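Some notes on the structure that comes next.
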Amino acid sequence: MGVLIGSAIAIFLVTAVVVNLVLVLRIPVRVMRRTMKLYPVNQWVFARPATARDRAIVRPSPDLHYSILCYDVSRGPLRLRASIPEGQYWSISGYSNRTDNFFIINDLQARSNPIEVVLVPKGARYLNATGKAHLVTAPSKQGIILIRTVITKRADLPRLREIQRRSTVELLEARG
């Protein structure tokens, strides 16, 4: 009887571990797939300030102004350019298709304004001729790039929207 109970417990624990691993490995990918279907690929989307009803961005903050880009580097590197508002916190960050954050650059770390980020697929090469671009290797072919700007006062929104609209994305020629 004791061996039977021990075997049942062992089977239960192995099953629980396997189910947990499957869920941990699959849920982030499904969350990103569902989120990425909300936006066009390789095109900036300029979100309005968040409210309590917003859930497209996980835990949106009403104090942040968002720009969203669903990237796809399967055809080659992407050059992202964005203007940084003077005197305000600003950041650009990348998330893989598994929700892992793989880079973040804030207004104090930017090499230029406008900032230039070249998102390169694994194994691709890019010659950074000016030295001003931030070269970032994407761990997955698809994912999400977010730009966040702090909204210090509502009166700044028109200026922030104008700065936000200057953001561009360009597909570059792949070199392997």
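Below is a table of values for the structure above.
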{"item": "Matching residues in the stretch 84-94 - criterion: being assigned to a loop (DSSP other than H, G, I, E, B) and crowded, with 17+ Cβ neighbours inside 10 Å", "result": "Ile84, Pro85"}
{"item": "Matching entry among Arg165, Arg98 (being modelled with pLDDT of 90 or more and of a type in the set (Lys, Arg))", "result": "Arg165"}
{"item": "Extreme residue, surrounded by the fewest Cβ atoms within 10 Å (Cβ to Cβ), among residues of the stretch 136-153 that are farther than 12 Å from Val120 by Cα and of a type in the set (A, V, I, L, M)", "result": "Val150"}
{"item": "Number of the exception - Ile27 against (1) surrounded by fewer than 18 Cβ atoms within 10 Å (Cβ to Cβ); (2) over 23 Å from Arg161 (Cα atoms); (3) at pLDDT below 90; (4) within 15 Å of the chain's Cα centre (by Cα)", "result": "(4)"}
{"item": "Among the residues listed as Ala56, Ala52, the single one being touching a Leu at 6+ places or on another chain (Cβ under 6 Å), modelled with pLDDT under 85 and open to solvent by 20 Å² or more (accessible area, probe 1.4 Å)", "result": "Ala56"}
{"item": "From Asp100, Asp63, residue being charged (D, E, K, R), open to solvent by 60 Å² or more (accessible area, probe 1.4 Å) and farther than 12 Å from Arg148 by Cβ", "result": "Asp100"}
{"item": "Close pairs (6 angstrom Cβ cut-off, 6 or more residues apart or separate chains): over 19 Å from Phe46 (Cα atoms) and touching a residue at least 24 places away in the same chain (Cβ under 8 Å) in the stretch 131-151, in a loop (DSSP other than H, G, I, E, B) and of a type in the set (Ser, Thr, Tyr) anywhere", "result": "Lys141/Ser74"}
{"item": "Scan of the stretch 73-83 for residues that are in a strand (DSSP E or B) and in contact with a Phe, Trp or Tyr (Cβ under 7 Å, 6 or more places away or on another chain), ordered by number", "result": "Leu78"}
{"item": "Within the stretch 156-176, tally of residues that are loosely packed, with under 13 Cβ neighbours inside 10 Å and farther than 19 Å from Ser83 by Cβ", "result": "3"}
{"item": "Some residue of the stretch 106-127 being farther than 24 Å from Leu171 by Cα, of a type in the set (Ser, Thr, Tyr) and in contact (Cβ under 8 Å) with a residue 24 or more places away in the chain", "result": "no"}
{"item": "Every residue from the stretch 33-49 that is assigned to a helix (DSSP H, G or I) and open to solvent by 40 Å² or more (accessible area, probe 1.4 Å)", "result": "Arg33, Arg34"}
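The values are calculated or read from the model by the stated rules, or taken from the named source; none is laboratory data. Predicted, not measured: the structure shown is a model, and the values here were computed from it. Positions of Cβ are generated from backbone atoms using ideal geometry, with glycine treated the same way; all protein chains shown enter the neighbour counts. Side chains are part of the model used for accessible areas, which takes the heavy atoms of the whole protein and leaves out ligands, DNA and RNA. Shrake-Rupley method; radii C 1.70, N 1.55, O 1.52, S 1.80 Å.
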